[in-house]
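The values are calculated or read from the model by the stated rules, or taken from the named source; none is laboratory data. Because the structure is a prediction, the values reported are computed rather than measured. Virtual Cβ from ideal backbone geometry, glycine too; neighbours counted across all protein chains shown.
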Amino acid sequence: MHQVVEGTANTIIANAPANEVTWHVDDVPWTPLTGLFIQKAGYKTVIPPEFTSNAYSIELTTVGPGGSSPTHVEPWAHVFYVLSGYGEVTVGDEVKPVRAGSVSPISAGQPHSFRTLGDTPLEMLVIYHPPRKRVPPTDKLRVRVHALREEADGVVSVELRSPDGADLPPFEPGAHIDLHLPNGLVRSYSLCGTTPGHYRIGVLKDRASRGGSAYVHDQMRVGTSIEISRPRNHFPLQEAAAHSVLIAGGIGITPILSMLRRLRQLGRSAELIYAARSRAEAAFVAEVEAIGVAVTWHFDDEQGGPPDLRQMLQARPADAHFYACGPAPMLDAFESHCAALAYSHVHVERFSAPGQPAADARQAFQVTLARSGRTIDIRPDRSILDTLLDAGVEVPYGCKAGNCGACRTRVLRGDPDHRDTVLTPAERAAGNVMTLCVSGCRSEALALDL
């Protein structure tokens with residue numbers, strides 16, 4: 001079977017020699033088809049729309065042994081032409097075996113499915129009219145691990161650089177990136193570096209790790225090549241604030257660190273409250289001290305328990321901007337105390353989505369895709385994102401945990417049930433945008449701008 005690797009829908013344009021008309025399909029990498037297939041599958045754009053004045057496009061598709069698609073519909077008329085392998089194609093009510101030379105015309109909106117039956121991949125040319133223009137799941141960058149350093153007990157920093165030595169895109173304080181790890185997981189980490197053009201993250205080895213932080217600690221090495229997203233910022237710094245109070249719990253220091261540096265650079269008034277279980281588990285202490293802002297240190301093992309956040313907060317000016325990043329119990333307490341103190345400028349960055357459905361959340365509901373007119377049933381055991389991917393709908397996504405914001409989608413109608421860490425209180429209240437990976441629905445149906 002062909003190895004499926006990352007690419008883009010117009011890879012041919014970048015890979016074909018500029019002065020050559022004839023090229024070979026093996027010179028173009030496979031782009032994975034995610035969500036739709038049981039086994040690995042991929043496609044290559046053979047003729048992109050640019051070569052046909054947007055009249056049609058042609059793709060080469062491969063589906064591995066045991067691979068299949070669910071019954072789905074697409075807004076393009078298209079034709080399957082089987083090149084090799086053995087399988088089965090269902091179009092409407094017709095179910096037919098297919099082999100090399102089989103042709104299956106499929107009208108726009110017509111239900112269809114296919115599967116591989118043999119021990120070798122089913123390879124097909126797929127001709128689309130109008131042309132299909134694929135959207136890549138994420139906008140990724142290829143980077144190399146330049147350095148790994150132990151910053152505290154259970155915490156390592158990872159410095160990332162471009163393989164060609166070029167500067168990586170700039171980022172704002174509070175921004176994060178998604179690591180697309182070689183084990184298939186996607187995890188979000190805040191940026192905390194100081195060197196322009198380079199990225200640095202801090203990673204705590206989670207005792208309950210499902211493979212993200214454990215991979216970074218146990219398997220990642222200097223020289224490892226990985227893909228990351230471009231920086232995104234859902235925890236922006238309000239640089240014009242008269243005073244800023246930043247609260248870090250453990251590894252929550254990572255986004256706070258870059259904020260402190262920026263505020264110091266601007267000459268703004270700022271202070272830090274840094275809490276950790278012990279001094280040995282507090283990362284980047286020397287860097288914090290070098291910034292030169294006022295710091296309140298709290299170590300649970302030395303002071304007999306967690307900090308009294310309410311007491312700490314109520315001594316601060318009410319018109320200050322308050323930022324917090326750390327474990328969920330600390331952030332829950334922080335938000336509760338800020339509300340009780342009537343503090344209005346409150347900013348929170350969570351490590352994971354709360355994930356609790358609202359009391360009136362629907363167990364099952366329908367989603368209508370406004371651009372195609374399709375209506376899809378969402379089952380209680382499936383997320384909106386996974387259901388759409390299974391149905392062949394192309395949706396950008398990243399972490400699938402409600403933390404990165406890659407799957408933010410405009411809501412045209414209906415009442416979403418927000419369960420992410422990305423949207424602001426104002427965005428949640430407005431109800432016109434949602435993250436599809438973890439959020440649900442409080443009305444009978446949703447209409448999305450897809």
In this structure, does Arg210 turn out to be surrounded by fewer than 18 Cβ atoms within 10 Å (Cβ to Cβ), farther than 27 Å from His321 by Cα and modelled with pLDDT of 95 or more?
-> no
Restricting the stretch 306-318 to residues that are in a helix (DSSP H, G or I) and in contact (Cβ under 8 Å) with a residue 12 or more places away in the chain, the one surrounded by the fewest Cβ atoms within 10 Å (Cβ to Cβ) turns out to be Gln314
Out of all the residues in the stretch 391-399, is one or more out of contact with any strand residue (DSSP E or B) (no Cβ under 6 Å at 6 or more places or on another chain) and part of a helix (DSSP H, G or I)?
-> no
Picked from the stretch 69-126 (must be aromatic (Phe, Trp, Tyr) and not in a strand (DSSP E or B)), the residue nearest to Arg374 (Cα to Cα) is Trp76
Considering residues of the stretch 382-420 that are in contact (Cβ under 8 Å) with a residue 40 or more places away in the chain and of a type in the set (Asp, Glu) only, the residue nearest to Tyr43 (Cα to Cα) = Glu394
Would you please list the contacts, defined by Cβ atoms under 6 Å and residues six or more apart or on different chains, that run from a residue in the stretch 288-305 that is in the same structural domain as Leu257 (by TED's automatic domain parsing) to a residue that is assigned to a loop (DSSP other than H, G, I, E, B) and among the hydroxyl-bearing types (Ser, Thr, Tyr)?
-> Phe299/Ser278; Asp301/Ser278
Members of the stretch 40-60 that are among the hydroxyl-bearing types (Ser, Thr, Tyr) and surrounded by 20 or more Cβ atoms within 10 Å (Cβ to Cβ) | Tyr43, Thr45, Ser57
Go through the stretch 320-334 and give me each residue that's part of a loop (DSSP other than H, G, I, E, B) and modelled with pLDDT of 95 or more.
-> Ala320
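Does Leu168 satisfy the condition of being without any contact (Cβ under 8 Å) to a residue 40 or more places away in the chain and under 30 Å from Asp218 (Cα atoms)?
Considered against the rule, which asks whether it is without any contact (Cβ under 8 Å) to a residue 40 or more places away in the chain and under 30 Å from Asp218 (Cα atoms), Leu168 comes out as yes.
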Considering each of Glu172, Glu159, Glu239 in turn, give the residue that is part of a strand (DSSP E or B) and either of a type outside the set (S, T, N, Q) or within 30 Å of Asn54 (Cβ to Cβ) (or both).
-> Glu159
How many residues, within the stretch 148-160, are touching a residue at least 24 places away in the same chain (Cβ under 8 Å) and either polar (S, T, N, Q) or more than 11 Å from Met220 (Cβ to Cβ) (or both)?
-> 7
Residue list for the stretch 61-116, filter: among the small types (Gly, Ala, Ser) and either more than 16 Å from Gly392 (Cα to Cα) or exposed (fewer than 13 other Cβ atoms within 10 Å of the Cβ) (or both) | Gly64, Gly66, Ser84, Gly85, Gly87, Gly92, Ala100, Gly101, Ser102, Ser104
Report yes if Leu369 is hydrophobic (A, V, I, L, M, F, W, C) and either buried (at least 17 other Cβ atoms within 10 Å of the Cβ) or touching a Pro at 6+ places or on another chain (Cβ under 7 Å) (or both), otherwise no.
-> yes
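For the stretch 110-125, what are the residues that are closer than 18 Å to Gly92 by Cβ and either among the hydroxyl-bearing types (Ser, Thr, Tyr) or not assigned by TED's automatic domain parsing to the domain that holds Val46 (or both)?
Ser113
More than 25 Å from the chain's Cα centre (by Cα), under 30 Å from Pro416 (Cβ atoms) and hydrophobic (A, V, I, L, M, F, W, C): which single residue out of Leu313, Leu341, Leu263 fits that description?
On the way: Leu313 fails: under 30 Å from Pro416 (Cβ atoms); Leu263 fails: under 30 Å from Pro416 (Cβ atoms).
Among Leu313, Leu341, Leu263, only Leu341 is more than 25 Å from the chain's Cα centre (by Cα), under 30 Å from Pro416 (Cβ atoms) and hydrophobic (A, V, I, L, M, F, W, C).
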So which residues in the stretch 406-421 are part of a loop (DSSP other than H, G, I, E, B), in contact with a strand residue (DSSP E or B) (Cβ under 6 Å, 6 or more places away or on another chain) and buried (at least 22 other Cβ atoms within 10 Å of the Cβ)?
-> Cys407, Asp420, Thr421
Among all residue pairs at least 6 apart or on different chains, which show Cβ distances below 7 Å where the first residue, located in the stretch 230-242, is closer than 17 Å to Tyr189 by Cα and the second is among the β-branched types (Val, Ile, Thr) and surrounded by 15 or more Cβ atoms within 10 Å (Cβ to Cβ)?
-> Pro231/Ile177; His234/Val422
Determine which member of the set Val395, Val411 is touching a helix residue (DSSP H, G or I) at 6+ places or on another chain (Cβ under 7 Å) and under 19 Å from Asp449 (Cβ atoms).
-> Val395
